[in-house]
1. Under 6 Å between Cβ atoms, at least 6 apart or on separate chains: pull out the pairs that start in region 271-285 with a residue that is more than 13 Å from LYS251 (Cα to Cα) and end on any residue that is open to solvent by less than 30 Å² (accessible area, probe 1.4 Å) and in a loop (DSSP other than H, G, I, E, B).
2. Is it the case that region 205-225 has a residue that's among the aromatic types (Phe, Trp, Tyr), open to solvent by less than 30 Å² (accessible area, probe 1.4 Å), in a loop (DSSP other than H, G, I, E, B) and within 20 Å of ARG153 (Cβ to Cβ)?
3. If we keep just the residues of region 94-127 that are under 30 Å from GLY11 (Cα atoms) and open to solvent by less than 20 Å² (accessible area, probe 1.4 Å), which is nearest to the chain's Cα centre (by Cα)?
4. Could you check ALA202 against (1) buried (at least 17 other Cβ atoms within 10 Å of the Cβ); (2) closer than 16 Å to THR172 by Cα and say which number it fails?
5. Return the only residue of ALA112, ALA35 being more than 30 Å from VAL277 (Cα to Cα) and aliphatic (A, V, I, L, M).
6. Between residues in region 121-135 that are on the phi > 0 side of the Ramachandran plot and residues that are buried (at least 16 other Cβ atoms within 10 Å of the Cβ) and in a helix (DSSP H, G or I), which pairs lie under 6 Å by C-beta distance while being six or more apart or on different chains?
7. Just one of VAL157, VAL175 is closer than 27 Å to HIS234 by Cα and at pLDDT 90 or above; which is it?
8. Of the residues in region 128-142, how many are surrounded by fewer than 15 Cβ atoms within 10 Å (Cβ to Cβ) and closer than 18 Å to GLY87 by Cα?
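The values are calculated or read from the model by the stated rules, or taken from the named source; none is laboratory data. All of these numbers come straight from a predicted model, not from anything done at the bench. When we count neighbours, we look across all protein chains shown, and the Cβ atoms used for this are built from the backbone with ideal geometry, even at glycine. The protein model used for the area step is the full one, side chains on, heavy atoms only, and it has no ligands, DNA or RNA in it. Shrake-Rupley method; radii C 1.70, N 1.55, O 1.52, S 1.80 Å.
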Amino acid sequence: MDWEKGARRIGTRELRIFLAVAHTGSMAKAAKILATSQPAISKAIADMELNLGVRLLDRSPQGVEPTRYGRALVKCGVAVFNELKLGIDEIGFLADPTAGELRIGCPDPVAAGLVRTVIDRLVQKYPRMSFYIETESLARRLRERNIELAINRAPEVNAGEDFDAETLYHDTIVVVAGANSPWVRRRKIRLEDLVNEPWVFAKPDGPLWSYVARAFQASGLKPPRATVTTGSYHARFSLLATGRFLSVRTKQALKFQGSQPLIRALPVELPMTRSPVAIMTLKNRTLTPIARLFIEQARAIAKSTIDRRERLG
């Protein structure tokens, strides 16, 4: 089979058809989305399979599903259209460098701290920029090119074959309570004093919880039981504001919240929670101009706002 000759016969039209079929699991649904006929879709898929010499889809009465060859083509097709979009966006940015969209991935604490500050500064200078923030499944979204960069605690998105990483600063996790909590007035607190208090956590399997569990275990203590578990930042914030609950946040997220915080860090150490916070990008992916501007601004803010010791580790 002459693979190169067969591949040359597959263009963006064929890829778009195949991705629509793979996404919907139905040639009829793909035809409706693409405003064409089902026979045209079937012929395009058959021609692609003939040109490549492999079966791309498994057919059944319930619909179609990509084979392993089809899954490889889906991955390739997504990358092709993402790169095409990036090229078009860059042309638009060169024509008008004050506009553009950037898709970012970061957990809630980073979104509420560093990322919020970077976006605020950029939008003041470039008011027609827009940003889209994802807070979960960052590694997968980077690989699938659904986001252009991620900012996270480095162990949560491991650098390796897929990613480039640049450390911005080192962060630690602190125990927090509402500003009206009796614990805030204490000058000295032992970790064992807090074990049986009401705690609110985002997820029992979330990244911050794993650090908390490790910190308590390192101190010879059983990790605290979550009284409330919720993915809602507003719910956690509201519970903390009552003064009756404890939780955890990153030290830098607290720094960015302002001079009169409603949430305060307690004077108790959580051991073994210090780790680097890094910008992660996909290797060999050309960054858009707006992504490069974002990274430059993030570096500048990290340098000016965050303690030198925390930047350098």
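1. MET280/VAL157
2. no
3. Here the residue is ILE104.
4. That leaves (2) as the condition not met.
5. Every option except ALA35 fails the conditions.
6. none
7. Residue meeting the stated conditions: VAL175.
8. Within region 128-142, residues that are surrounded by fewer than 15 Cβ atoms within 10 Å (Cβ to Cβ) and closer than 18 Å to GLY87 by Cα number 1.
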